[in-house]
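What follows is a short report on a single structure.
What follows is calculated from the coordinates using simple rules that are stated; it is not laboratory data. The shown structure was predicted, so the numbers you read here are calculated from the model rather than taken from an experiment. Glycine gets a Cβ as well: all are built from the backbone with ideal geometry, and neighbour counts include every protein chain shown.
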Amino acid sequence: MNNKVLFIGGTGVISSACAPAAVRKGFDLYLLRRGQSTRPAPEEAITLTGDIRDPESVKRAIGDMEFDAVVDFIAFTPEHVAADIETFRGRTGQYVFISSASAYQTPPARLPVVESTPLRNPYWEYSRNKIACEDLLVREYRENGFPATIVRPSHTYDKTLLPFDSGFTAIDRMRRGKKIIVHGDGTSLWTMTHHKDFAKAFTGLLANPRAIGEAYHITSDDYWTWDQIAEIFADAAGTVADIVHVPSEVIATYDARWGAGLLGDKAHSMVFDNSKIKNLVPDFKATIPLQAGAREVMDWYDADPARGKVDPSRDALIDAIIAAQQGARAKAG
């Protein structure tokens, strides 16, 4: 009899690769979802219609079923995790929480980052909430034996996801010969992982007793500077990147949300040691290079012009930041 696995979500950026990978590996896969995603679910998966934020709908959807593993891809606060614990305690052999590598000490005191690197991010509420979720699960495991496994993805992408905070607006600017912003001096190191590579390692954690009570990050072993990332995507878009460097702190004065994501994550070099996950899943190796991933992304956008949405307000903001930055440098010079 195959292991029964429930994905809460299942058609997001990360889970849309994990779901077919789980089916290929022989799991009986169930997806608890509201049915609102544009990404298709594997035909072999059994869809249970319910809203994880509505406990009664979850009870109706899963009935008296039990699972070998439950994975929540869309838990972001301790309240979300607490509700999961109440729902699945005694009904699953493993509960997998999708955390974030942005929970690690920011900026990191040393590289590469390992799973024992402290969790601390004073800049970004999203990360602090993920840390609080982890704290709750660790306490539940230690005190009550709740079978938790924590997974920390870093920047994981699929064909729909550009690495720029301005999204397709940055591609549009480059194609029109306009300048783009790269935070800092463009030399901080960053790791991007294709979601299909992530899924290779992730499925090795499911219903695996060795993973209970443990935390793992799953990333590519490759890394690039942010200037290189911009140039790789510009090349895939058939253009060049005309880069203006702007300190993250300055960007934050113009747009607090943009700044929080930079200061709390992207502004700092993040390189990872994947020895722990490779010890558990020895055949894991990320094999999709960023250049190939960037071409996949651009092919997807260019296949349907409606996908390339430009944000006029963000476009104008970028113009204003660049003009102010270049004006300040001209005065200083």
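Taking the Cα atoms only, what angle lies between the long axis of helix 312-332 and the longest principal axis of the chain, rounded to 10 degrees?
50 degrees
Could you please rank GLU134, GLU115, placing first whichever residue has the fewest other Cβ atoms within 10 Å of its Cβ? If you can, show how the numbers build up before the last one.
Values: GLU134 21, GLU115 17.
Ascending number of Cβ neighbours within 10 Å: GLU115, GLU134.
Holding the Cα-Cα limit at 20 Å, pick out from LYS159/LYS196; LYS4/LYS276; LYS159/LYS309; LYS4/LYS278; LYS266/LYS309 the pairs that are longer than that. Present the calculation step by step, with values, prior to reporting the outcome.
On the way: LYS159/LYS196 11 Å; LYS4/LYS276 25 Å; LYS159/LYS309 15 Å; LYS4/LYS278 24 Å; LYS266/LYS309 23 Å.
Correct reply: LYS4/LYS276; LYS4/LYS278; LYS266/LYS309.
What's the angle, to the nearest 10 degrees (0 to 90), between helix 290-303's Cα axis and the longest principal axis of the chain?
Approximately 90 degrees, to the nearest ten.
Over the range 199-333, what is the relative contact order in percent, taking alpha-carbon pairs closer than 8 angstrom and at least six residues apart?
Details: 73 pairs, mean separation 45.5, N = 135.
In percent, rounded to a whole number, it is 34.
Could you give the length gained on full extension between ASP185 and ASP135, defined as 0.36 nm per residue of separation minus the Cα-Cα distance, in nm?
Values: separation 50, 0.36 × 50 = 18.00 nm, distance 3.47 nm.
Length gained, ASP185 through ASP135: 14.5 nm.
From the list (i) 128; (ii) 152; (iii) 139, can you say which value of volume of the Cα convex hull per residue in Å³ was derived from the structure given?
Step by step, volume of the Cα convex hull per residue in Å³ for this structure corresponds to label (iii).
Using +1 at the C-beta of Lys and Arg and -1 at the C-beta of Asp and Glu, which of THR47, PRO20, PHE146 has the Cα lying farthest in the positive direction of the dipole of the chain?
PRO20
In deg cm²/dmol, rounded to 500, what helix-only [θ] at 222 nm does the chain give when every DSSP H run of at least 4 residues adds -39500 (n - 2.57) and the total is split over its residues?
Details: 12 runs with 130 residues, N = 333.
Per the formula, -12000 deg cm²/dmol.
When 1/r is averaged over all different Cα pairs and the result inverted, which Kirkwood radius in Å belongs to the range 1-114? Spell out each step's value before the answer.
Numbers: mean 1/r = 0.0666 Å⁻¹.
That comes to 15.0 Å for the range 1-114.
Starting with the fewest neighbours, write out ILE46, ILE277 ranked by other beta-carbon atoms found within 10 Å of each beta-carbon. Can you show the working numbers first?
Values: ILE46 12, ILE277 23.
By the 10 Å Cβ count, ascending: ILE46, ILE277.
Treating the beta-carbon of each Lys and Arg as +1 and of each Asp and Glu as -1, no other charges, what is the dipole magnitude of the chain about its Cα centre, to the nearest 20 debye?
Numbers: 38 positive and 43 negative charges, 44 e Å.
Value, rounded to 20: 220 debye.
Would you mind computing, in nm to one decimal, how far apart the modelled labels at ASP221 and ASP54 are, each placed 7 Å from Cα along Cα→Cβ?
Result: 4.7 nm between the two label points.
Let a ≥ b ≥ c be the square roots of the eigenvalues of the Cα gyration tensor of the range 238-282; is it rounded (a/c under 1.5), or, if not, prolate (a/b larger than b/c) or oblate? Walk me through the intermediate numbers first.
Values: a/c = 3.74, a/b = 1.82, b/c = 2.05.
Note, shape of the range 238-282 comes out oblate.
Quick check on the range 76-131: take the gyration tensor over C-alpha atoms, sort the square-rooted eigenvalues as a ≥ b ≥ c, and tell me if it's rounded (a/c under 1.5), prolate or oblate.
Details: a/c = 4.32, a/b = 1.93, b/c = 2.24.
It is oblate, given that a/c is not under 1.5 and a/b is not larger than b/c.
Tell me, what is the percent relative contact order of the range 105-151, built from C-alpha pairs under 8 Å that lie six or more residues apart?
Working: 23 pairs, mean separation 11.0, N = 47.
Result for the range 105-151 is 23 percent.
Quick one: ASP158, ASP319, fewest Cβ neighbours within 10 Å first, how do they rank? List each step's numbers first, then the result.
On the way: ASP158 19, ASP319 13.
Starting with the residue having the fewest Cβ neighbours, the order is ASP319, ASP158.
Determine the percent antiparallel among the DSSP beta bridges restricted to the chain, to the nearest 5. Let's see the in-between values first.
On the way: 3 of 36 bridges.
Around 10 percent of the beta bridges assigned by DSSP in the chain are antiparallel ones.
With the dipole of the chain worked out from charges on the C-beta (+1 for Lys and Arg, -1 for Asp and Glu) around the Cα centre, which of VAL250, PHE168, HIS194 lies farthest toward the positive end?
VAL250
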